[in-house]
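Colleague: Below is one structure. I have some questions about it.
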Amino acid sequence: MDIRVLVAYATKYGATAEIAEKIGEVLRQAGLQTDVLPTDRVGDLTPYKAVVLGSAVYIGQWQKKAATFLRANEKALAERPVWLFSSGPTGEGDPVQLVKGWRFPTGLQPIADRIHARDMALFHGAVDPKKLNLIEKWMVKNVKAPLGDLRIGMPSPHGRVPSPMR
Ligand SMILES: Cc1cc2nc3c(=O)[nH]c(=O)nc-3n(C[C@H](O)[C@H](O)[C@H](O)COP(=O)(O)O)c2cc1C
């Protein structure tokens, strides 16, 4: 029997899309028929036996499209196994420690609880200063956020530093 899995994501600058593609690749290697789609291109969840949903994090929040997807599909998500991931911290070391224990947007936690999310992962992210708008540049400078691609195991298309890829 074919098992079809959805990896849905919301990204602003592409780092989270690449993480989602990587997750999809691993699931396909495991023999699962996997669709990797931005949340705004996902239609009916009926064909999917399981869902992985992730978003880039900006100022402690998921991208609006991912939050909307989670809210709009709560019932369908509650009926299948769901894994959640966020892409964020750009410092060296454990991502959860870097953001002082933050794992998931507080406002969305009740939905995550109601759908009985199997797990929540916080992955390192990537910040390419060349892509940021003026306000974002000011923000990352103001909070002294490290710049670069800290995503482990990802190709480095943006040529950022530092990059601990392995
Ligand atoms: C203005 C700004 C705010 C950010 N805020 C957070 C944050 O609150 N928590 C976090 O972990 N990462 C934060 N990040 C890092 C991004 O989440 C990270 O770069 C992510 O991988 C970007 O994903 P995307 O390329 O898919 O948009 C921030 C980045 C910028 C530029």
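Colleague: Quote the FRET efficiency, to the nearest 0.05, computed for Glu92 versus Lys64 with a Förster distance R0 of 25 Å and r equal to the Cβ-Cβ distance.
Modeller: 0.25
Colleague: Mind checking which of Glu25, Glu74, Glu136 has the largest fluctuation in a GNM of the chain, springs on alpha carbons under 10 Å?
Modeller: Taking springs between Cα atoms under 10 Å, the residue moving most is Glu136.
Colleague: Less than 16 Å apart at the alpha-carbon level, and either on another chain or at least 8 residues along: which aspartates and glutamates does that give for Lys144?
Modeller: Cross-link targets: Glu92, Asp128, Glu136.
Colleague: Quick one: what are the phi-derived ³J(HN,Hα) couplings along the stretch 32-46, Karplus 6.51/-1.76/1.60 with θ = phi - 60°, whole Hz, x for glycine and proline?
Modeller: 8, 6, 10, 9, 10, 9, x, 4, 6, 10, 8, x, 6, 8, 3
Colleague: Right, next: Determine the calculated [θ] at 222 nm for the chain from helices alone, applying -39500 (n - 2.57) to every DSSP H run no shorter than 4 residues and normalising by the residue count; nearest 500 deg cm²/dmol.
Modeller: That comes out to -8000 deg cm²/dmol.
Colleague: Taking each pair of different alpha-carbon atoms in the chain once, compute 1/r for the pair, average those values, and report the inverse of that mean as the Kirkwood hydrodynamic radius in Å to one decimal.
Modeller: Every distinct Cα pair counted, the radius reaches 16.4 Å.
Colleague: Here's something else I'd like to know. Can you give the net charge of the other residues whose Cβ lies under 14 Å from the Cβ of Asn133, counting K and R as +1 and D and E as -1?
Modeller: Details: positive: Lys12, Lys130, Lys131, Lys137, Lys141; negative: Asp128, Glu136.
Result for the local shell: +3.
Colleague: Same structure again: Given contacts defined as C-alpha pairs under 8 Å and at least six residues apart, what's the relative contact order of the chain, whole-number percent?
Modeller: 19 percent.
Colleague: If you don't mind, there's one more thing I want to ask. What is the distance, in nm, between label points placed 7 Å from the Cα along the Cα-to-Cβ direction at Gln29 and at His116?
Modeller: 3.0
Laboratory data are not the source of any read-out in this text; all were calculated from the coordinates shown. Since we're looking at a predicted model, the values are computed, not measured. Here the Cβ is made from the backbone with ideal geometry for all residues, glycine too, and neighbour counts use every protein chain on show.
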